[in-house]
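Notes for the one structure printed next.
The values are calculated or read from the model by the stated rules, or taken from the named source; none is laboratory data. All of these numbers come straight from a predicted model, not from anything done at the bench. Backbone-built Cβ (ideal geometry, glycine too); neighbour counts: all protein chains shown. Protein only, heavy atoms only, side chains kept; ligands, DNA and RNA dropped before computing areas. Shrake-Rupley method; radii C 1.70, N 1.55, O 1.52, S 1.80 Å.
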Amino acid sequence: DLGKGISSSGSILLASGAAGSAGAVAIASGSGLIGGSVSVRSGDGGSGGGQLSVSSGEGALKSGAIIMKTGDGPSSGGVLFRSGASVLGETGSVVVATGDAVLGSAGSISAVAGNTAVGVGASVNITAGPSSTVGGALLIQSGVGSSVSGGIKLETPSGEETGVVRMSTGSNLGG
């Protein structure tokens, strides 16, 4: 804690030194019957809050990866990505995107539920936002190409009994 400043407060930098194989920086809480928490939070502001940035290192051949996961256990915790609530204005958006590629291929985005050994498999749900007036739209669009655009494929896998692909609109309650 560097204290409060009238114009600007000091910064804190945690870094390992440069080397052929640079050292790591680890921040960890203690173990116990209930493990300790680790909180990383940017500062509040009178007009706008501080930004929180998490980025991997750049490399001459390949940049580093970012891995966010919960620990393994008899029942694991969840991962939540969401923007904060707003009373007067708009809430922030959540964007999941891969980077552009110049010579190679851009990375893919996959939303995959985990494997269920016994029982019904997990679902993947995509739902637009509800509203008291007009609900949000859901757009599924393939990529544009200079010669051929990408396709859209909806299918159930093969099996002894295949699933159903159903597309329908809701009931009109207003008559």
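Worth a mention:
- Sole residue being open to solvent by 100 Å² or more (accessible area, probe 1.4 Å) and under 24 Å from the mean Cα position of the chain (by Cα), chosen from THR127, THR116, THR169, THR98: THR127
- Single condition SER21 does not satisfy, out of (1) under 30 Å from GLY92 (Cα atoms); (2) modelled with pLDDT under 90; (3) open to solvent by 70 Å² or more (accessible area, probe 1.4 Å): (1)
- Pair list, Cβ under 8 Å, 6 or more apart: the range 65-81 residue open to solvent by 100 Å² or more (accessible area, probe 1.4 Å), other residue not hydroxyl-bearing (Ser, Thr, Tyr): MET68/VAL79; LYS69/VAL79; PHE81/VAL94
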